[in-house]
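Step one of this worksheet: look at the structure below.
The values are calculated or read from the model by the stated rules, or taken from the named source; none is laboratory data. What you are looking at is a predicted structure, and each value in this text was computed from that prediction instead of being measured. When we count neighbours, we look across all protein chains shown, and the Cβ atoms used for this are built from the backbone with ideal geometry, even at glycine. For accessibility, only protein heavy atoms count, side chains too; no ligands or nucleic acids. Shrake-Rupley method; radii C 1.70, N 1.55, O 1.52, S 1.80 Å.
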Amino acid sequence: MKDFREMKQRGEKITALTAYDYPTARLLDETGIDIILVGDSLGMVVLGYRDTTSVTLQEMLHHTRAAARGVKQALLVADMPIHTYDTPQQAVATARKFVDAGAQAVKLEGGASRVAEIEAITQTGIPFMAHIGMLPQSVREEGGYKIKGRIQSEAAALLADARAVEKAGAFSVVLEIVLAEVAQQITKAIAIPTIGIGSGEHCDGQILVTHDLIGLFPWFTPKFVSPEARVGEEIRRAARAFVERTKSSDKI
Ligand code: KIV
C-alpha cells in the first residue's frame with residue numbers, strides 16, 4: 001500500500017476513481033491511478049436504482065470480485081453498503097467479506113457517530129477510508145444532495161468528524177460536497193489525506209464516479225463534474241451505425 005500520508009506531506013495529489021467491473025478496473029489501473037473504489041454508487045450508475053440505499057452486500061461483493069481481477073497496482077477500496085455496519089461486530093464481519101472478495105481496504109459513511117465501528121475495523125488491521133460530509137446513504141433523511149458546512153455549527157461538526165475518523169485509524173477521508181473553505185480547513189487540520197468530491201481544489205486528492213467523468217450516465221451529471229469524454233454518446237453512435245448497417249445489408 002502506498003504511503004498516502006507521505007504523499008500529503010510531499011504535496012503530491014492523490015487520484016481516485018470508481019470501477020465496478022473487470023474492464024473498467026483494468027483500464028483505470030493501467031493509467032497509474034492511486035485508488036480504485038468499488039463505490040456503492042454502483043446502485044445508481046450501473047444497477048439503475050434511485051439512490052444507493054437499495055444496494056445489497058451481495059451486489060457489492062459480486063462487483064468487488066470483478067474489479068479485483070483487473071487491479072494490479074492501485075489500492076482497491078470497497079464501499080460497505082447501508083445496514084452492513086450497524087454494530088462494531090457486523091462492521092468487522094462485513095469488512096472481512098470484502099477482503100475475501102479482493103478489496104484491500106473498506107469505506108463506510110459517517111464520522112464521530114461511527115467511531116466504534118471504524119475502530120473495530122482498523123483494530124483488525126484492515127485499512128479503512130472514511131467518508132464524511134454529504135452522505136449518500138442518508139439522502140432520503142437529508143432530502144437531497146446538499147452542500148455541507150455552510151453554517152458554522154455544521155463546519156465545526158465536520159472538523160470534529162474528520163478528527164474522530166483520523167483518531168479511529170482511517171488512512172484517508174473522503175469529503176463529499178463540503179464547502180471549499182471548510183474542506184481546506186479540514187485538510188490543514190488533520191495528518192491523513194482528504195480526498196474531495198465536489199469539495200474544492202484544496203483537498204489532498206480528488207475522487208469522482210467514473211461514469212460522471214466519462215459521460216457514461218448522460219441522464220444526470222453532478223454540477224461539480226467537468227466530463228472528459230462522452231462515452232454514452234459514442235455507444236449510441238456505434239449502436240445506430242450497427243443498426244443501419246445491418247438493416248441496409250442485402251438479404252441472401
Ligand atoms: O459510492 C461512491 O462512488 C462514493 C464516491 C462518490 C466517493 O462513495
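Does the stretch 4-19 contain at least one residue that is assigned to a strand (DSSP E or B), open to solvent by less than 10 Å² (accessible area, probe 1.4 Å), aliphatic (A, V, I, L, M) and within 14 Å of the ligand (Cβ to nearest atom)? Looking for residues that are assigned to a strand (DSSP E or B), open to solvent by less than 10 Å² (accessible area, probe 1.4 Å), aliphatic (A, V, I, L, M) and within 14 Å of the ligand (Cβ to nearest atom), one finds at least one in the stretch 4-19, hence yes. Would you confirm, using the coordinates I've provided, whether Ala160 is touching a residue at least 40 places away in the same chain (Cβ under 8 Å) and either out of contact with any strand residue (DSSP E or B) (no Cβ under 8 Å at 6 or more places or on another chain) or within 13 Å of the ligand (Cβ to nearest atom) (or both)? Against the criterion (touching a residue at least 40 places away in the same chain (Cβ under 8 Å) and either out of contact with any strand residue (DSSP E or B) (no Cβ under 8 Å at 6 or more places or on another chain) or within 13 Å of the ligand (Cβ to nearest atom) (or both)), Ala160 qualifies.
Considering the conditions (1) under 30 Å from Lys188 (Cα atoms); (2) at pLDDT 95 or above; (3) more than 13 Å from the ligand (Cβ to nearest atom), Met1 is excluded by exactly one of them, (2). When the stretch 205-241 is filtered for residues that are among the polar types (S, T, N, Q) and either in contact with a strand residue (DSSP E or B) (Cβ under 8 Å, 6 or more places away or on another chain) or under 15 Å from Val46 (Cα atoms) (or both), the ones remaining, listed by number, are Gln206, Thr210, Thr221. Scanning the stretch 29-47 for residues that are more than 16 Å from Met129 (Cβ to Cβ) and either free of Cβ contacts under 8 Å to residues at least 12 places away in the same chain or more than 13 Å from the ligand (Cβ to nearest atom) (or both) gives Asp29, Glu30, Thr31, Gly32. Within the stretch 141-157, the set of residues being within 16 Å of the ligand (Cβ to nearest atom) and free of Cβ contacts under 8 Å to residues at least 60 places away in the same chain comprises Glu142, Gly144, Lys146, Ile147, Lys148. Looking at this structure, is Gly48 in contact with a strand residue (DSSP E or B) (Cβ under 7 Å, 6 or more places away or on another chain), at positive phi and not hydrophobic (A, V, I, L, M, F, W, C)? When the stated conditions are applied, Gly48 does not pass them. Just a yes or no: is a residue in the stretch 127-140 away from the ligand (no atom under 15 Å from the Cβ) and within 17 Å of the chain's Cα centre (by Cα)? Scanning the stretch 127-140, I find at least one residue that is away from the ligand (no atom under 15 Å from the Cβ) and within 17 Å of the chain's Cα centre (by Cα), so the answer is yes. The set of residues in the stretch 76-100 that are closer than 18 Å to Ala19 by Cα and either in contact with a strand residue (DSSP E or B) (Cβ under 6 Å, 6 or more places away or on another chain) or within 16 Å of the ligand (Cβ to nearest atom) (or both) comprises Leu76, Val77, Ala78, Asp79, Met80, Pro81, Phe98.
Condition check ((1) within 20 Å of Ala16 (Cβ to Cβ); (2) of a type in the set (D, E, K, R)) across all residues:
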| residue | (1), (2) |
| --- | --- |
| Ile121 | yes, no |
| Gly133 | yes, no |
| Glu154 | no, yes |
| Ala160 | no, no |
| Phe171 | yes, no |
| Ile177 | yes, no |
| Gly198 | yes, no |
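The C-beta contact set for the stretch 168-181 (first residue more than 12 Å from Leu108 (Cα to Cα) and more than 16 Å from the ligand (Cβ to nearest atom), second residue open to solvent by 20 Å² or more (accessible area, probe 1.4 Å) and part of a loop (DSSP other than H, G, I, E, B), distance under 7 angstrom, 6+ apart or interchain) comprises Leu179/Ile147; Leu179/Arg150; Ala180/Gly200; Ala180/His202. Can you run down the residue pairs with Cβ atoms below 6 Å, 6 or more apart or on separate chains, where the first is in the stretch 48-66 and in contact (Cβ under 8 Å) with a residue 12 or more places away in the chain and the partner is surrounded by fewer than 15 Cβ atoms within 10 Å (Cβ to Cβ)? No pair meets every condition.
Would you say Ala241 is more than 16 Å from the ligand (Cβ to nearest atom) and more than 27 Å from Leu175 (Cβ to Cβ)? Against the criterion (more than 16 Å from the ligand (Cβ to nearest atom) and more than 27 Å from Leu175 (Cβ to Cβ)), Ala241 qualifies. Here Phe242 meets the list (1) within 27 Å of Ile33 (Cβ to Cβ); (2) open to solvent by 30 Å² or more (accessible area, probe 1.4 Å) almost entirely, failing just condition (1).
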